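Below: the structure, in structure tokens.
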Amino acid sequence: MLKTRIIPTLLLKDIGLVKGIGFDSWRRVGTALPSVKVYNRRQVDELIVMDISATLSGRGPDLNEISNFSSECFVPLTVGGGVRSLQDAQNLLRAGADKVALNSACYENPELVTEIAQKFGTQCVVAGIDARKNSDGTYTCYSHSGTKSQNMDPAAWAKKMEEYGAGEILITSIERDGTMEGYDLDLIRLVSKAVSIPVIASGGAGSYEDIYQAIKTGGAQAASAASIFHFTQQTPLEAKEYLAKRGIPVTQMKKFQSSLAA
């Protein structure tokens, strides 16, 4: 069984980090570099950094900024936002990213997933899927930071992304994003059952129990979270301890001296 990963998510918008609710990201929560340094000390397994304004602004990733904070990041780093070509992906990897997250571009050019996977390996490709729940209980994929419906079922789309070569799926509930009311377990379960590659649950974590349920009930292999770590005293290390006590395999944990705590 794969060991469960706890993955904080940092949202870049213009020149700083932001967080909001339901993809309405307006609240500034600092800058990237100090946050990366803090997470280096906090037992995180990976980091996800998303430039949420890149696609809507029609620009590529800010390579200088990514290079600056990747030099201080000592865990695997996934970067997304504005990736529209193989060259964009290559530039991100050269700037220090370990994985590239794709979302909006996949709907227009799904072969891009295959191109990146063939050149750099499937382990480098994370397919992001943002979904809303419909009134009849079904789900629909959205692109462009949740503003454009793709009329696609997220489970079916996840399967296509796997077939094109994605190594992981990052599934996010738009409604649950930033609410800290718990993950959409039905959505996670649908996607997890549709694919054989790892699924990262995202959107709604408010407690360690929420993370546990995403793994145990939803079938995810990793949990991405932001608000729980930005706005509460809960930590990635304590989340892993909670999971371990509930019988979920996690990566090795090490207690740090209090002088290193951030």
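The residue pairs whose first member lies in the stretch 228-244 and is under 14 Å from Ala205 (Cα atoms), whose second member is part of a helix (DSSP H, G or I) and at pLDDT below 95, and whose beta carbons are closer than 6 Å, counting only pairs six or more residues apart or on different chains, are Gln234/Ile228.
Let's see how each residue does on (1) under 30 Å from Ile21 (Cβ atoms); (2) in contact with a strand residue (DSSP E or B) (Cβ under 6 Å, 6 or more places away or on another chain):
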{"residue": "Leu93", "(1), (2)": "no, no"}
{"residue": "Asp98", "(1), (2)": "yes, yes"}
{"residue": "Ile116", "(1), (2)": "no, yes"}
{"residue": "Gly121", "(1), (2)": "no, no"}
{"residue": "Gly128", "(1), (2)": "yes, yes"}
{"residue": "Ser145", "(1), (2)": "yes, no"}
{"residue": "Pro154", "(1), (2)": "yes, yes"}
{"residue": "Tyr164", "(1), (2)": "no, no"}
{"residue": "Ile171", "(1), (2)": "yes, yes"}
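Suppose the filter is touching a residue at least 60 places away in the same chain (Cβ under 8 Å) and more than 24 Å from Ala156 (Cα to Cα); does Leu77 pass it? Taking the combined requirement at face value, the residue does not satisfy it. Quick check on the stretch 116-134. Is at least one of its residues over 23 Å from Val195 (Cβ atoms), touching a helix residue (DSSP H, G or I) at 6+ places or on another chain (Cβ under 7 Å) and crowded, with 21+ Cβ neighbours inside 10 Å? Checked against the condition, which is being over 23 Å from Val195 (Cβ atoms), touching a helix residue (DSSP H, G or I) at 6+ places or on another chain (Cβ under 7 Å) and crowded, with 21+ Cβ neighbours inside 10 Å, the stretch 116-134 yields no hits at all.
Within the stretch 216-227, one or more residues are modelled with pLDDT under 95, closer than 20 Å to Ile174 by Cα, of a type outside the set (Ser, Thr, Tyr) and within 17 Å of the chain's Cα centre (by Cα). Please determine whether any residue of the stretch 191-213 is of a type in the set (A, V, I, L, M, F, W, C) and in contact with a Ser or Thr (Cβ under 6 Å, 6 or more places away or on another chain). Looking for residues that are of a type in the set (A, V, I, L, M, F, W, C) and in contact with a Ser or Thr (Cβ under 6 Å, 6 or more places away or on another chain), one finds at least one in the stretch 191-213, hence yes.
Of all residue pairs spaced 6 or more apart or on separate chains, those with beta-carbon atoms under 6 Å, a first member in the stretch 121-136 that is closer than 14 Å to Glu162 by Cβ and a second member that is among the β-branched types (Val, Ile, Thr) are Val125/Val113; Val125/Ile116; Val126/Thr78; Ala127/Ile169; Ile129/Ile171.
More than 21 Å from Phe120 (Cβ to Cβ), in contact with a His (Cβ under 9 Å, 6 or more places away or on another chain) and at pLDDT below 90 - does that describe any residue in the stretch 32-45? Looking for residues that are more than 21 Å from Phe120 (Cβ to Cβ), in contact with a His (Cβ under 9 Å, 6 or more places away or on another chain) and at pLDDT below 90, one finds at least one in the stretch 32-45, hence yes. Within the stretch 83-97, residues that are closer than 16 Å to Thr122 by Cβ have Cβ atoms under 6 Å from residues that are among the acidic types (Asp, Glu) in these pairs: Leu86/Glu115, counting only partners at least 6 apart in sequence or on another chain.
The values are calculated or read from the model by the stated rules, or taken from the named source; none is laboratory data. In this text the structure is predicted, and so the values were computed from the model without any measurement. FYI the Cβ positions are ideal-geometry reconstructions off the backbone, even for glycines, and counts take in every protein chain you see.
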